[in-house]
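> Got a structure for you, questions after.
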Amino acid sequence: MSDRYGTDILASDPHRSGAFATRATTRDLPAERGLVVEEVQTGWVGAVVRVEKSGGMHVVVLEDRKGRTRTFPLGAGFWVEGKPVRLTPPAAAPARPSGPATAGGRRLTASGSIAVDQHRARVARASRIYVEGRHDAELVEKVWGDDLRVEGVVVEMLDGVDNLEAVLREFRPGPRRRAGVLVDHLVAGSKESRIAAKATAGAAGAHVLVLGHPYIDVWQAVRPERLGLTAWPDVPRGVDIKHGTLEALGWPHADQADIAHGWKRILGRVRDYKDLSPALLGRMEELIDFVTAVPE
């Protein structure tokens, strides 16, 4: 009499045979900035902007080609290049010295200040520094981050200079609550100059300092020599400065993921303050002095 069930029910794995043999397995993949993924349930495709904790869990923020962002729980349920992945938090960057040593053996921060070793970041001041967007914030963090943490200065994004008036209205600047603002393309007669003038009018204007550099985008504040250029490309009027720059450089420029990769490549060439234009350096130093010169 034959045993219809066989002698060993674990002898074969149905998931690795027949129709299941070609089923893709999910692999773990760190959610590194710029990685383009698809969220399976919604079909949302975007580049990883950041990973953060929210409500006690890790979430990933994805930005699509139109600049819109959505947040999803980190984990399974994503595809990369047509294959399922489980997004994991990116590896922490290894600790590294803040900067070169001075003649006296003291280290310098990326901004050129003497590093304060074994100093915990102080409680944040009420005063703030505002920048236009994420790329500005990342550049400020890379060069002045150590100094700002020592001083307890938080940098926040406006998400565009057009939002400055509303942000300041909510912030309510005052004698012990200053706002320093870094603006792109702050030149005579520009839209940015008119917005800056309006923001500093009235009684609250004494506690607001709006400064800027002449470049259309903060990318151009990075010395072109760091990318092997003699000058940044001259992008025609009416062409998006980021797309136009990447196209002129011969780099991928089709979508938001390409912009993220391009900026990562540019930012990676910045070592310290010497790689930035004086037009940006001086303005940032003024803003830091302005928001920290408040009696506490």
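The values are calculated or read from the model by the stated rules, or taken from the named source; none is laboratory data. Since we're looking at a predicted model, the values are computed, not measured. As a convention, Cβ positions derive from the backbone with ideal geometry for all residues, glycine included, and neighbour counts pool all protein chains shown.
> Can you confirm whether Ala231 is in a loop (DSSP other than H, G, I, E, B), in contact with a helix residue (DSSP H, G or I) (Cβ under 7 Å, 6 or more places away or on another chain) and of a type in the set (Gly, Ala, Ser)? Give the derivation first.
Working: in a loop (DSSP other than H, G, I, E, B): yes; in contact with a helix residue (DSSP H, G or I) (Cβ under 7 Å, 6 or more places away or on another chain): yes; of a type in the set (Gly, Ala, Ser): yes.
Criteria met by Ala231.
> Additional query: For the list (1) over 20 Å from Leu281 (Cα atoms); (2) crowded, with 17+ Cβ neighbours inside 10 Å, I need the number of the one condition that Ala221 fails.
(1)
> Search the range 161-215 for residues being part of a loop (DSSP other than H, G, I, E, B) and touching a residue at least 40 places away in the same chain (Cβ under 8 Å), and hand back the single one that is surrounded by the fewest Cβ atoms within 10 Å (Cβ to Cβ). Step through it out loud before you land on a result.
Narrowing the range 161-215 to residues part of a loop (DSSP other than H, G, I, E, B): 172-173, 175-176, 178, 184-190, 200-202, 213-215.
Now narrow it down to the ones that are touching a residue at least 40 places away in the same chain (Cβ under 8 Å): 175-176, 178, 184, 213-215.
Working: Pro175: 9, Arg176: 12, Arg178: 23, Asp184: 25, His213: 25, Pro214: 14, Tyr215: 19.
Going through the qualifying residues, I end up with Pro175.
> Pull up the range 134-151, narrow it to residues that are among the hydrophobic types (A, V, I, L, M, F, W, C), modelled with pLDDT of 90 or more and within 17 Å of Asp272 (Cβ to Cβ), then point me to the one that is surrounded by the fewest Cβ atoms within 10 Å (Cβ to Cβ). Steps first, answer last, please.
Looking only at the range 134-151, we keep the residues that are among the hydrophobic types (A, V, I, L, M, F, W, C), and these are 137, 139-140, 143-144, 148, 150.
Still in the list and also modelled with pLDDT of 90 or more: 137, 139-140, 143-144.
From what is left, the residues that are within 17 Å of Asp272 (Cβ to Cβ) are 139-140, 143-144.
Details: Leu139: 23, Val140: 21, Val143: 24, Trp144: 25.
Checking each candidate, the answer is Val140.
> I'd like the full set of residues that are modelled with pLDDT under 90 and outside any loop (DSSP other than H, G, I, E, B), limited to the range 97-133.
Ala101, Arg107, Leu108, Ile114
> For Ala231, are the conditions met, namely being free of Cβ contacts under 8 Å to residues at least 12 places away in the same chain, closer than 26 Å to Lys264 by Cβ and not β-branched (Val, Ile, Thr)? Full working, then the answer.
Numbers: free of Cβ contacts under 8 Å to residues at least 12 places away in the same chain: yes; closer than 26 Å to Lys264 by Cβ: yes; not β-branched (Val, Ile, Thr): yes.
So Ala231 fits the description; yes.
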